[in-house]
Amino acid sequence: MKASDLQTLRHAIDGTDEAITALLASRRKLSHQIIALKARDGVPPLDVVREAEIRRRYDLMARGSGSVAHAILNWCRRHA
């Protein structure tokens with residue numbers, strides 16, 4: 001293995017990590033906006049139908065890496 005190959009792959013991982021972090025921050029911001037909107041309108045914060053829909057969507061996205069998809073979903077819920 002050449003050092004340049006290793007460096008290229010590490011750089012790709014760094015870029016992926018930055019993108020994941022930015023996307024999670026964006027999702028968290030959107031979740032906070034939804035929470036504020038629901039509070040303003042007197043809507044209960046938990047919508048079980050929507051939660052089930054999100055879970056199904058994550059199950060479909062997982063395609064063999066379900067534990068990763070569900071870990072992301074659980075992280076999002078804890079940090080909303």
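The values are calculated or read from the model by the stated rules, or taken from the named source; none is laboratory data. Here the structure is a predicted model, which is why all the values come from computation and not from measurement. Don't worry about glycine lacking a Cβ; one is built from the backbone with ideal geometry, like all the others, and counts go over all protein chains shown. Accessible surface areas use protein heavy atoms only, side chains included; no ligands, DNA or RNA. Shrake-Rupley method; radii C 1.70, N 1.55, O 1.52, S 1.80 Å.
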**Request:** Mind jotting down a quarter of the surface of the convex hull over the alpha carbons of the chain, in square nanometres, one decimal?
**Result:** 6.6 nm²
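Under 12 Å from the Cβ of Ile54, count the other residues' Cβ atoms, weight Lys and Arg +1, Asp and Glu -1, and hand me the total. Each step should come with its number before you reach the end.
Working: positive: Arg27, Arg50, Arg55, Arg56, Arg57, Arg77; negative: Asp47, Glu51, Glu53, Asp59.
Neighbour charge sum, excluding Ile54 itself: +2.
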**Message:** Considering only protein heavy atoms and a probe of 1.4 Å, how much of the accessible area of the chain is carbon and sulfur, as a whole percent?
**Reply:** 63 percent
**Message:** Given points 7 Å out from each Cα along the Cα-Cβ axis, report the Lys29 to Met61 separation in nanometres with one decimal.
**Reply:** 1.8 nm
**Summed side-chain charge close to Arg10 - residues other than Arg10 whose Cβ falls under 15 Å, Lys, Arg +1, Asp, Glu -1** = -3
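Using the heavy atoms of the protein chains and a 1.4 angstrom probe, tell me the accessible area per residue for the chain in square angstrom. Mind showing how you got there, number by number?
Values: 6540 Å² over 80 residues.
Averaged over the residues of the chain, the accessible area is 82 Å².
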**Item:** Charge dipole of the chain about the Cα centre (unit charges at C-beta), most positive-ward option of Ser31, Pro44, Ile54
**Value:** Pro44
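Out of the trypsin sites (Lys or Arg not before Pro) in the chain, which ones are loop residues according to DSSP with at most 16 other C-beta atoms within 10 Å? Show your work: numbers first, answer last.
Values: sites: Lys2, Arg10, Arg27, Arg28, Lys29, Lys38, Arg40, Arg50, Arg55, Arg56, Arg57, Arg63, Arg77, Arg78; in loops: Lys2, Arg63.
Filter output for the chain: Lys2, Arg63.
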**Angle in degrees between helix 48-62 and the longest Cα principal axis of the chain, rounded to the nearest 10** = 20 degrees
